[in-house]
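Report on one structure; see the data block that follows.
The values are calculated or read from the model by the stated rules, or taken from the named source; none is laboratory data. Note that this is a predicted model, so its numbers are computed, not measured. Backbone-built Cβ (ideal geometry, glycine too); neighbour counts: all protein chains shown. Calculation scope for accessible area: heavy atoms of the full protein, side chains included, ligands and nucleic acids excluded. Shrake-Rupley method; radii C 1.70, N 1.55, O 1.52, S 1.80 Å.
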Amino acid sequence: MNGSLLKALELFEGARRVLVLTGAGMSAESGVPTFRDAQTGLWARYDPRELATPEAYRRNPSRVFGWYASRLMAVRRVSPHVGYDALARLGEMYPGALTVVTQNVDGLHTRAGTRDVIELHGSLEAFRCSGCRDPYPAAGVVQLVEGGGEIAPQPPECSKCGNFIRPGVVWFGEMLPEGVMERAWQAAREADVALVIGTSSMVYPAAELPAIVVGRGGRVIEINPEATPLSPSADLYWQAAAGEALPGLVEALQRRARSRKDGT
Ligand code: OAD
Ligand code: ZN
């Protein structure tokens, strides 16, 4: 058994509550680009100030709306990889005691069957009115984009107040959705183990969560092929891709739980 796996098993020993924190790297093996990769990252190819701020949307609603609509179409075409399935099984091992806090807007945790998911940065499926915040069905957006071909569509208007519909994601300079911070922080305060996967740990407040866990005596396991600002302080920095590390980890945890139940 590899050293990181053994160490991870040791850190899970006796854990009653688990926090999983994920970032864009969790979806890389499903074919969703990350943000900060030097070659393939979205922020290497696009300027976030032109696409991911409220000002950008006010300046050019069609461009911003079109970009998020095309990202929605792209994530609908991909599937959660084996690492996602492993996390869903881990959730079943900790009924009511495992929370996934994700910075991702692609919905893949839920599609893989994880029950308790907190989406810190909103969701590509959750369009809403930029005025009255009334939700707008993603199906309507997809229809609009499919009908419009190559032309960036003008956002639909709200049937209640007439304002433009906007993506239901958090942009730079915006607050996190109501209640979401509180729920995520609560889960962090209660966790004995934090599993931090595929995030550069550079965007706050999400990057603060591991420190909350540590502050209450919990342990931190980081899974990432590249070291991050979190790596030096993690109890275990496991240098691996999510899809490589997670299936083996969860299988080993399940084997251990089974053998204890059988008294072997
Ligand atoms: P980043 O793009 O900043 O970081 C992705 C991380 O995933 C990097 O540390 C990679 O090394 C790692 N990674 C790549 N492939 C991996 C794999 N197969 N398995 C595991 N890890 C892998 O993405 P985030 O940290 O999620 O916010 O970025 C945080 C926020 O910044 C995003 O939610 C987004 C962005 O601006 C908003 O849009 C508000
Ligand atoms: Zn409205």
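So ASN104 clears everything in (1) within 16 Å of ligand 1 (Cβ to nearest atom); (2) not assigned by TED's automatic domain parsing to the domain that holds MET181 except one condition, right? Which one?
(2)
If a residue has to be surrounded by fewer than 21 Cβ atoms within 10 Å (Cβ to Cβ) and either in contact with a His (Cβ under 9 Å, 6 or more places away or on another chain) or β-branched (Val, Ile, Thr) (or both) to count, how many in the range 107-116 make the cut?
Of the residues in that region, 1 qualify.
State whether one or more residues within the range 145-153 are under 20 Å from GLU178 (Cβ atoms) and outside any strand (DSSP E or B). Write out each step before concluding.
So the first thing to find is which residues in the range 145-153 are under 20 Å from GLU178 (Cβ atoms), and the list is none.
Among the residues of the range 145-153, not one is under 20 Å from GLU178 (Cβ atoms) and outside any strand (DSSP E or B), which makes the answer no.
Of the residues that make up the range 115-138, is at least one part of a helix (DSSP H, G or I) and either within 16 Å of ligand 1 (Cβ to nearest atom) or not assigned by TED's automatic domain parsing to the domain that holds LEU21 (or both)?
Filtering the range 115-138 for residues part of a helix (DSSP H, G or I) gives 138.
Right, trim to either within 16 Å of ligand 1 (Cβ to nearest atom) or not assigned by TED's automatic domain parsing to the domain that holds LEU21 (or both) and you get 138.
Yes.
Within the range 117-145, restricting attention to residues that are away from ligand 2 (no atom under 16 Å from the Cβ) and free of Cβ contacts under 8 Å to residues at least 40 places away in the same chain, which residue is most open to solvent (accessible area, probe 1.4 Å)? Break it down stepwise before answering.
Step one: filter the range 117-145 for residues away from ligand 2 (no atom under 16 Å from the Cβ), giving 117-125, 138-139, 142-145.
Remaining after also requiring free of Cβ contacts under 8 Å to residues at least 40 places away in the same chain: 117, 139, 143.
On the way: VAL117: 27, ALA139: 68, GLN143: 139 Å².
Here the residue is GLN143.
Test each condition in (1) away from ligand 1 (no atom under 16 Å from the Cβ); (2) outside the structural domain of ILE197 (by TED's automatic domain parsing) for PHE172 and report the one that comes out false.
The one condition PHE172 does not meet is (1).
Conditions tested, residue by residue: (1) over 21 Å from GLU10 (Cβ atoms); (2) of a type in the set (Gly, Ala, Ser).
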site	(1), (2)
PHE172	yes, no
GLN186	yes, no
ALA191	no, yes
VAL196	no, no
SER201	yes, yes
LEU209	yes, no
ILE212	yes, no
PRO225	yes, no
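What strands (runs of 3 or more DSSP E) lie completely within the range 159-264 and have 3 or more residues being crowded, with 17+ Cβ neighbours inside 10 Å and in contact with a Leu (Cβ under 7 Å, 6 or more places away or on another chain)? Give the derivation first.
Numbers: elements: 193-197, 219-223, 236-238.
Correct list: 193-197, 219-223.
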